[in-house]
Every structure is written in structure tokens, then in C-alpha cells.
Amino acid sequence: MDPALLRVLVESGVKIGLLFGAVLTTVAYMTWVERRVSAWIQDRRGPNRVGPFGLLQPLADGIKFMFKETILPPHVHKVVYALAPAIVFVPALVTLSVVPFGPALRLFGRDVVMQVADVDVGILVVLALSSMGVYGIALAGWSSNNKYSLMGGLRSSAQLISYELPLGLAVVGVLMTSGSLRLSQVVAHQAEHGWNMLWQLPGFLIFLIAGFAETNRLPFDLPEADSELVAGYHTEYSGMRFSMFYMAEYANMITASALAVTLYCGGYHVPGLRLLGLSPAASALVQVAAFVLKVAFFLFLYVWVRWTIPRFRYDQLMNLGWKVLLPAALIHIGWVAFLILQGWA
């Protein structure tokens, strides 16, 4: 095998392993964060028995799910029922492969890009893969042969279609200013001209709200509303298949947070970092840490909103998407075009 090709394969394999390991670890500990933050908001104790401060609770939960019986109801479509959780979970992990989490770093005599795949159409890859999850949810609802599950799948389909439109239009403003679909170029443009959140605050808010709806989080969790649909599309699931839906939800939260940071908050860029005179390696570590902290803030925001704002009615959900966010996103595109014509962005 060509040594250059072998180096590329090894480098890509290491990146994929590190990224997926970090994501799966974060997914596990987001369950702990969710419960601790909710306890803090409700003035009660969260998990605090398994390990110091309950830090080993995610490990205990994972072991529990591995040994729980996976029940296969007799009335389901077995093949689709079994594949649906994977169809939801896998795209949620793969989407992060095109997100840059740090600058290029000189290692072993060559530049290593802190990104699994720096593709020319990175944002299109993100939008395409993120929209794949709805297929898994819809198929889970249909294959369960349960009216509550079917209603949850249909709700999720309508909700994601309704909110993908304003989300995509909000991203258009970022692409207009950066002039590229490559996410690394979007970050580089913000490093030179300022974070997009400063110039495109309405687009940032639209993207953030639509991101909540895309991840089926409160106040947009209508597809699994327990007061109406028992548990929605995953009512008939148990064991590891059931846990995969929740793992996909947290993975989607990480993806949405990483995208919000990359598109609007400068990605891994740290203002004024050059003035400190750090070495390239130290500068890269600081920028990676900054990216992680920015993502952590948005993950905390997801949890905070869930335990603060009550669930919308379904008509309110649709009205917000079609009558408020979609017109606002179209107006925002006009605003960004005005900024570009004036030379301000």
C-alpha cells in the first residue's frame, strides 16, 4: 500500500475514533447533566449515590440497559422495527465529522486538520444527514403498529419539515457572507470580520429556535408528548433499542450546538489570542478548549430551556414555524443582502 495513503487512513481512523469516543462519552454524561441541572432548577437533589457526585451514574445506566430484556412485540414489522433506532442514531454521529473543532496543527512534520472531513459542501452534508433522522422516527412509529407511535412519527415528520425551512434559510445568510459552503472557511471568515452572531442576530435566534424543534426537545417535544401519546414513536421499544433513541437525541443536541458555535459564534476562534504570544501547539489547545466551552454552554441552554418552558400546543408549534420563523428568515436574508451591498459584512 502507498505510504501516503496509509498515513491518510491512519490519521482519519484516529480522528474518527477520538471524535466518536468524545461524542459517546458526552452523550452518556449529558444524562447526568440533565438530571443534575433539573434538580438544581427544582431545588432538589439529583443523582448523588453512584460515585462522587453521582458521576458514575451514566455507567450504571449503560450496564443496566445492556442487561435489560429487549422485547419484540408480535404485531410489529420486525425488520423496520429493528432498523429504525439505528437510522436515527447513526446520522446523528456522522454529522459531526464535517465540523471543525480546532485549527490545523503541525504534528510529526505535517499539518493535521482538526476535522474528520473538510469537504467543499460541508453545510450541505450537515443539512442532509440531520434530515435523515426523521426517517428513523417515522419508520419507528409506523413499524410499531401502534396508533400512539404512528401519531408520534407523523408529528415528527410535520415538525421537522416545518422547521427545516427556517433553519435552512437562516443558514443562507451565513453562506452569503462567507461565500463558501466549507465550514472551515465560515470559521476563517468570522475570525477576520467578526462573529456572525453580531451581524446576524435574528438569523442566530431563528437557527437556535429551529434547532430546538429539530432535536424534539421541550418545548417542541410533541412527537413524544407523554400526556397525549404515552411516549410517542418509541412507545413499543425497550432495552438498548429504546436507549438508542435517547442517545440520538443527545447526539443531535451536540450537533446542533456545534453548528450554532461554528456558524454564528466563531467556531474555535478566540478573539485576541494572538496578542498572548503562545506557541502554535498551545494556541491550538486553547482554541479547542474554547470550542468545547462554547458547545457546553449551548448544551446547558438546551437543558435549562427544557426545565423552564412548558410544552407548546400543536397549533402553536405550527404557527410559530410557518407564520413567524419562516417570514422572519426571509426578511433576514434581505437584511444580510443589504449588509453585503453596504460592505458591512
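Observations on the structure shown:
- Overall, the ratio between the Cα radius of gyration of the range 145-237 and 2.2 N^0.38 Å, rounded to two decimals, is 1.41.
- Rounded to the nearest 20, the Cβ-based charge dipole of the range 100-249 about its Cα centre (Lys and Arg +1, Asp and Glu -1) stands at 200 debye.
- For the range 1-111, a/c is not less than 1.5, where a ≥ b ≥ c are the root eigenvalues of the C-alpha gyration tensor, and a/b does not top b/c. That puts it in the oblate class.
- Rg [Å, one decimal], Dmax [Å, integer] - the range 175-319, C-alpha atoms: 18.3, 58
- Share of carbon and sulfur in the accessible heavy-atom surface of the chain [1.4 Å probe, %]: 70
- Under the Karplus curve 6.51 cos²θ - 1.76 cosθ + 1.60, θ = phi - 60°, whole-Hz ³J(HN,Hα) for the range 185-202, x wherever Gly or Pro sits: 6, 4, 5, 4, 5, 5, 5, 8, 10, x, 5, 5, 4, 6, 9, 10, 4, x
- Spatially close lysines, pair count over the chain: Cα under 30 Å, gap of eight or more or interchain: 8
- With K and R counted +1 and D and E -1, the other residues having a Cβ less than 14 Å from that of residue 183 yield a net charge of -1.
- Against the rule of thumb 2.2 N^0.38 Å, how large the Cα Rg of the range 93-216 comes out: 1.28
- Compactness relative to 2.2 N^0.38 Å, alpha carbon Rg of the range 276-345: 1.77
- In Hz, Karplus ³J(HN,Hα) per residue of the range 123-128 (6.51, -1.76, 1.60; θ = phi - 60°; x = Gly, Pro): 5, 5, 4, 4, 5, 5
- Of 92, 256, 296, the residue with the greatest mean-square motion in the GNM of the chain, using alpha carbon springs below 10 Å, is 296.
- Charge dipole of the range 212-345 (Cα centre as origin; +1 on each Lys and Arg Cβ, -1 on each Asp and Glu Cβ, all else neutral): 480 debye, rounded to the nearest 20.
- The Cα-based radius of gyration and maximum Cα-Cα distance (Dmax) for the range 49-143 are 19.4, 59 Å.
- Compared with the direct C-alpha span, the chain from residue 128 to residue 276 gains 49.3 nm at full extension, assuming 0.36 nm per residue.
- Calculated [θ] (222 nm, deg cm²/dmol) that DSSP helices of n ≥ 4 give over the chain, each run adding -39,500 (n - 2.57): -22000 deg cm²/dmol
- Whole-number percent relative contact order across the range 239-345, with pairs defined as alpha carbons under 8 Å at least 6 apart: 24
- Shape box of the chain [Cα atoms, principal axes, largest first, Å]: 61, 50, 49
- If only the Cβ of Lys and Arg carry +1 and only the Cβ of Asp and Glu carry -1, the dipole of the chain around its Cα centre is close to 580 debye.
- For residue 254, the accessible surface of its heavy atoms amounts to roughly 20 Å² (probe 1.4 Å, protein chains only, rounded to the nearest 10).
- Anisotropy class of the range 225-269 from Cα gyration tensor, a/c 1.5 cut: oblate
- Global size of the range 15-70 as Cα Rg and Dmax, reported in angstrom: 13.2, 41
The values are calculated or read from the model by the stated rules, or taken from the named source; none is laboratory data. If you're wondering where the values come from, they're calculated on a predicted model, not measured in any experiment. Every residue, glycine as well, gets a Cβ built from its backbone with ideal geometry; the counts of neighbours run over all protein chains shown. Note: areas computed on protein heavy atoms with side chains; ligands, DNA, RNA excluded. Shrake-Rupley method; radii C 1.70, N 1.55, O 1.52, S 1.80 Å.
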